[in-house]
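To keep things clear, I will list the structure first and then write my remarks on it.
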Amino acid sequence: MIRAFGVADVRAAEAQVMAEVEPGTLMRRAADALAVVVLARAREQAARSVAVLVGPGDNGGDALYAAAHLAEHLSVVVVQVGTAVHEGGLRAVTDAGVPRLRVARTRRALTQPVRQALEDADVVVDGLLGIGGRPGLTGAMAGLADSIPASALVIAVDLPSGADPEGIAALGRTVRADETVTFGMAKPVHVLPATRSAVGRLTTVDIGVPEPEHAAVEQLTRADVAHLWPVPGPSDDKYSRGVLGVVAGSSRYPGAAVLAVTAAIEAGAGMVRYIGPDAAAQQVLVASPESVPGQGQVQAWVIGPGVPTDETTLDVRRQVEACRQALASDLPCVVDAGALDLVDGPREAPTLLTPHAGELARLLSRLEPGRVYHRSQIAAAPVEHTRRVAELTGATVLLKGATTLVVSPDTDRPLRCQSDAPAWLATAGAGDVLAGLVGTLVAAGLDPLDAGALAALIHGRAARRANPGGPVRALRVAQAIAETVASDLTPG
Ligand SMILES: NC(=O)C1=CN([C@@H]2O[C@H](COP(=O)(O)OP(=O)(O)OC[C@H]3O[C@@H](n4cnc5c(N)ncnc54)[C@H](O)[C@@H]3O)[C@@H](O)[C@H]2O)[C@@H](O)CC1
Ligand SMILES: [K+]
């Protein structure tokens, strides 16, 4: 599991170590490790010249010390914003004879020598702002970020300057890094959807600061599958493993039923009962003869894929009624697609809502009368809006997207955040597959936060497995779930 820690916790952990070591030790460790990474990348790319951008805080201090090291091997120029930068770092670059250009803090337009230095750089090291940075660059920092040539390899110190260290605020003017070298541990900026795209490859270097107890964000990895996946024992039978009821599909969208049920069976449900119109039920049976049509005892529900709740045909009215009954029951529920329109207040049993950004906007607009939310607002500030829905509904909320967020209504629990899927998975039916997959995990007794994150991980990994490096259809993703789980349960 990758754990990311909020700024206050990182600072507290660093302060504890700093009290026990010589002053400046942590910064020197950070700068040494940064220089090693930059030098390695420069060698890989046969790069010769490095421009090091230096801001007013300790992030700039790291960059200055690293610049002094790098100057032993490469052609280095420091571009310093403002007059006050880290004193020790400044001495180090001066002693090393590194040329230094200065830009006035508020001046966005760059002087010719600075523009030239950036143009000549094969590698740009971004030490403008770190965890003390306020989101959004202005003045000279914005000018510098805009003038980094597309051809340069950009390595950010700790985080891409301008991005919100907590990963909440939407990206404004920011440095976009190819790689970020962070110290000690990941921070939310590195994993959360609002900021992740500016981070590039994440390299975490050890500077001897232990992880705090409470993570702000957790990301499951393959190694977590064996701990979390519900593996049956010899005394289990199909009922004890979890029977899942699926209310999905309609005459208009029978495919959603096929995909959700197939995914649930592939994920290892003890049994799947399918509730839907006859025509869809026939197709479900052809695709998954293991499924059982009609009502009966279940341990959990998946409701909503392919159920157009705004239609008034008899089929749909029956489906909506089945969804309502599931919501009124005391059983765990995964609420997807059309059934999201039926959610209002909290329910007692574990509940997982699985909207995409548009559905979340619609849900929030309905839950907060008088306000209208748009998909773009959700995409710009996903954590904030997903938290709001969790708070209003008392449910765990899984927001689907290139990065999937899972937020518990219990604010003490870390956010979960997964980015395992290839972009090819942005395809019709992928959400139906996820709904069935997560339903099986909930029916097996996993709590919605674990189930949501684990399903997102396996969903993404199954998509890669289904057709590595190329387009992938949802049915193939569903059909790759069983082998993906098997391979992830195998050590190594
Ligand atoms: N705290 C520690 O123990 C360690 C910190 N290290 C480095 O120190 C960094 C944190 O240093 P700081 O706390 O000095 O913070 P920063 O280096 O992020 O800089 C904060 C300064 O930038 C200014 N500033 C903030 N947002 C701005 C904006 N949008 N535009 C212009 N100016 C802005 C602030 O007024 C403040 O003066 C870490 O990210 C890391 O790189 C490392 O040296 C390892 C040890
Ligand atoms: K930075």
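The values are calculated or read from the model by the stated rules, or taken from the named source; none is laboratory data. Here the structure is a predicted model, which is why all the values come from computation and not from measurement. Glycine also receives a Cβ, built like all others from the backbone with ideal geometry; neighbour counts cover every protein chain displayed. Heavy atoms of the whole protein, side chains included, go into the accessibility calculation; ligands, DNA and RNA do not. Shrake-Rupley method; radii C 1.70, N 1.55, O 1.52, S 1.80 Å.
Worth pointing out:
- When the alpha-carbon atoms of the range 222-489 are used, the pair Rg, Dmax equals 16.9, 55 angstrom.
- Around S291: net Lys/Arg minus Asp/Glu count, Cβ-Cβ under 13 Å: 0
- Counted charge near V124, where neighbours are those whose Cβ lies closer than 14 Å (Asp, Glu -1; Lys, Arg +1): -3
- Computed helical MRE - 222 nm, the chain, DSSP H runs ≥ 4 contributing -39500 (n - 2.57), nearest 500: -12500 deg cm²/dmol
- Using the alpha carbons alone, the radius of gyration of the range 404-492 stands to its Kirkwood radius in an Rg to Rh ratio of 0.98.
- Computed label-point distance, nm, for sites R107 and R375 using a 7 Å Cα→Cβ extension: 4.5
- For the chain, the longest principal axis of the C-alpha atoms and the axis of helix 278-287 are separated by about 60°.
- Summed side-chain charge close to A463 - residues other than A463 whose Cβ falls under 11 Å, Lys, Arg +1, Asp, Glu -1: +4
- Ranking of H374, H190, H356, H86 by solvent-accessible surface, largest first: H374, H356, H86, H190 (1.4 Å probe, protein heavy atoms only, all chains present).
- For A156, nonlocal amide neighbours, meaning residues 5 or more places apart or on other chains whose placed amide H falls under 5 Å from its own, are D126, D178, E179, T180, V181.
- Translational diffusion of the range 1-61, µm² s⁻¹ [Kirkwood Rh, Cα pairs; Stokes-Einstein; 25 °C; 0.890 mPa s]: 175
- Contour minus Cα-Cα distance for A223 and E368 (0.36 nm per residue): 48.2 nm
- Full extension of the chain between A402 and A84 yields a length gain of 110.5 nm, computed as 0.36 nm times the residue separation minus the alpha carbon distance.
- Per residue, the chain exposes an accessible area of 42 Å² to a 1.4 Å probe, with every protein chain left in place.
- Projected onto their three principal axes, the Cα atoms of the range 187-235 cover extents of 48, 27, 18 Å, largest first.
- Note on the chain: Kirkwood hydrodynamic radius from all Cα pairs is 24.2 Å, rounded to one decimal.
- Spin-label model distance (nm) - E311 vs E483, 7 Å beyond Cα toward Cβ: 3.4
- Convex hull per residue volume in Å³, alpha carbons only, for the range 213-259: 189
- Counting heavy atoms of the protein chains alone, K400 has an accessible area of about 40 Å² for a 1.4 Å probe.
- Here the dipole of the chain is about 1220 debye; that uses its Cα centre as origin and unit charges on the Cβ of Lys and Arg (positive) and Asp and Glu (negative).
- Once the chain from E321 to L285 is taken as fully extended at 0.36 nm per residue, the excess over their C-alpha distance is 10.7 nm.
- Using the Cβ-Cβ distance between D344 and R91 with R0 set to 41 Å, the FRET efficiency works out to roughly 0.05.
- Using alpha carbons only, the radius of gyration of the range 48-171 set against its Kirkwood radius gives Rg/Rh = 0.94.
- Surface share of carbon and sulfur [accessible, 1.4 angstrom probe, percent] for the chain: 51
- Between E213 and E22, the C-beta separation translates, for a Förster distance of 30 Å, into a calculated FRET efficiency of about 0.70.
- The range 2-219 - Rg and Dmax from Cα coordinates, angstrom: 15.9, 49
- Note on the range 254-385: Kirkwood radius taken over Cα pairs, Stokes-Einstein applied at 20 °C and 1.002 mPa s, translational D equal to 136 µm² s⁻¹.
- The heavy atoms of R413 present about 90 square angstrom of accessible area, all protein chains included, probe 1.4 Å.
- Here the range 32-82 has an Rg and Dmax of 10.6, 33 Å, counting Cα atoms alone.
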